Amino acid sequence: MRSYLILTMCLLFLMYYFVNSTWLGYLVVIIAILAFLTSAYYSRGFPRIIGSIMMGVGITLELNKGAGIEGVSQGVLLILPLLCLVTLSPLLSMPLKISGYFKSVESLLQNLLHHPKKLFFGITSSLFILSPILNLGSIRIISEFLENLKLPAAMSAKSYLIGFSSALMWSPYFASVSLVLYYLNMPVGRYILYGLCLSFLSLLIGNLLFFVWQKKHSISTSGHPEKSLDCTHKKQLVKLVLFVILIMISSLAIEYVTKWSMVIIVSLISITLPLIWGILSNGWKKLNPLLKVYRDQSVPMLNNEIMLFMSAGVLAHAIQGTTLANRISDSLTIIANQSFLLFALAVMGIVLVITYIGVHQIAVIAALAMQLNADELGISNLALAMLLLLTWSISASLSPFSGLNLMVSRLVGMTGVQTGLRTNGAHLIVLAILGISFVIFMK
């Protein structure tokens, strides 16, 4: 029943985006709040606590501002595009699962086992390609491929965080890119090449630092015979890369022609792609079981995401225009007019401190994106977007409470602090320095 509630929320919001009817907007908000309450009931642990706190603070701020229920509704509507994206994007993986692409990725990684440097590059690049489509599920899949190989925990932690966090800075299929560009009112087509440059920089730094780390740490491959990659798997891997490129180009082309929000475009593609694949390949018998698993298992498991995203969205909207937010914005504007470097460090410091204690990136970065004005800062919207997404990527890796860090920590058997700060601290520091330098060059 909860699955139908969440899916109805997404479909009605997509209708609302095009119809923009007042009564439909109220209906969407009511269903979204019901979805939040049911998710709060089934959610457990830290997401339930921090989500409840953020929602409570957000509602209190809206009431104090005099916006009341209307303000809360606007906060919900602002975050619903991202909830649609998170809910519907797993549908993209179904044709890939049925077509056997994941087996080819597994074969590639096993083939590279006797070459640690190539294996590390294979893991990070695989995550870089798969993450936009599978989100955090890509880490779980790669982890299953490598489960029997007994790689060092530090190596796994490095590769998972570097590969996934790099994709956070470029793909419109991620909430990070979609949210920042949505609030800055910037087309993805204008940003994506610069985002790819930041992402490739992150991958390069991560792999170079691993080469240094690997010289001091031996990686045993005994008991695992070396395998060769056959032509069938090579062709499948080429098809996988082409598939990702095709959906990215399609998304950008649709955005260019229609001027629709990229979040809406990605959601629509997520719905239509499996249907088109089923029609063209006549593969409904294979597709139906995956759709049932998606409905009965995947969607109900979104409790934490709905809790955190919706509460963070309401809080971000409520913070906008408050005395504290205005003071921070004015202070950052003064700093930016004096030195962009100090401004970048201040923004990064604010986000890292707040997210490190458990507040979701959406609440902090969305509030900054809505509050800051690029013209007043004396920089371009592009530079501001790059800085915010660079900061998002670093904070997602560093914070022991982020979904990325929590998943990687659980898979490799390390604490969040060990996974983020100790294992990947050097990468994050170098990335911050070179990333800010790149943004300064582009501003």
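Derivation of every value follows stated rules applied to the coordinates shown; laboratory data play no part. These figures come from a predicted structure and were not determined experimentally. A quick note on method: Cβ atoms are made from the backbone with ideal geometry, for glycine too, and the neighbour counts reach across all protein chains shown.
Remarks
- In order along the stretch 134-141, the Karplus-derived 3J(HN,Hα) couplings, from 6.51 cos²θ - 1.76 cosθ + 1.60 at θ = phi - 60°, round to 9, 6, 5, x, 5, 5, 4, 5 Hz, and Gly and Pro are given as x.
- Enclosed volume per residue, in Å³, of the convex hull spanned by Cα atoms of the stretch 334-443: 86
- For the chain, the normalised intensity computed at q = 0.07, 0.09, 0.11 Å⁻¹ comes to -0.34, -0.57, -0.86 (log10 of I(q)/I(0), Debye sum over alpha carbons, equal scatterers, no solvent).
- Scattering profile of the stretch 86-155 at q = 0.21 Å⁻¹ [log10 I(q)/I(0), Debye over alpha-carbon scatterers]: -0.90
- For the stretch 135-173 versus the stretch 396-441, the gap between their alpha-carbon centres in whole angstrom: 13
- Of all lysines in the structure, not one lies under 20 Å Cα to Cα from K259 without also being fewer than 8 positions from it along the same chain.
- Where a label projected 7 Å from the Cα of S21 along Cα→Cβ would reach, residues of the stretch 62-91 with amide N under 19 Å: 77
- For the stretch 1-53, trypsin sites (Lys or Arg not before Pro) meeting the loop criterion (DSSP other than H, G, I, E, B) and having at most 15 other Cβ atoms within 10 Å: R44.
- Normalising the average separation of contacting C-alpha pairs (under 8 angstrom, six or more residues apart) by the number of residues puts the relative contact order of the chain at 25 percent.
- Vicinal HN-Hα couplings computed from phi for the stretch 380-397 (Karplus, 6.51 cos²θ - 1.76 cosθ + 1.60; Hz; Gly/Pro x): 8, 4, 4, 5, 5, 4, 4, 5, 5, 6, 4, 5, 4, 4, 5, 5, 5, 6
- Annotation: the stretch 1-67 has a Kirkwood hydrodynamic radius of 13.4 angstrom, from the mean reciprocal C-alpha pair distance.
- Take every Cα pair under 8 Å whose residues are at least 6 apart in sequence, average their separation, divide by the length of the stretch 100-263, and the relative contact order is 33 percent.
- GNM remark for the chain: springs join alpha carbons under 10 Å apart, and the peak mean-square fluctuation among V86, V105, V353 falls on V353.
- Least to most buried among I53, I357, I205 (fewest other Cβ within 10 Å first): I357, I53, I205
- Each residue in W260, W392, W23 was given a count of other beta-carbon atoms within 10 angstrom of its own, and listing them fewest first yields W23, W260, W392.
- Rg(Cα) / (2.2 N^0.38 Å) computed for the stretch 258-391, rounded to two decimals: 1.43
- Candidates C231, C197, C84, ranked by Gaussian network fluctuation over the chain, Cα under 10 Å, top entry: C231
- Whole-angstrom gap from the stretch 35-69 to the stretch 277-322, using each part's C-alpha centre: 19
- log₁₀ of I(q)/I(0) at q = 0.09 Å⁻¹ - the stretch 100-263, Debye sum with one point per alpha carbon: -0.33
- Each helix, a run of at least 4 DSSP H residues, gives -39500 (n - 2.57); summed and divided by the residues of the chain, these come to -26500 deg cm²/dmol at 222 nm.
- Among T419, T258, T38, residue whose mean-square fluctuation peaks in a GNM of the chain (springs only between Cα atoms under 10 Å): T258
- Stretching the chain fully between W260 and N326 yields a gain of 20.7 nm (0.36 nm per residue, less the alpha carbon separation).
- Pairwise Cα inverse-distance average, inverted: Kirkwood Rh of the stretch 232-273 (Å): 11.2
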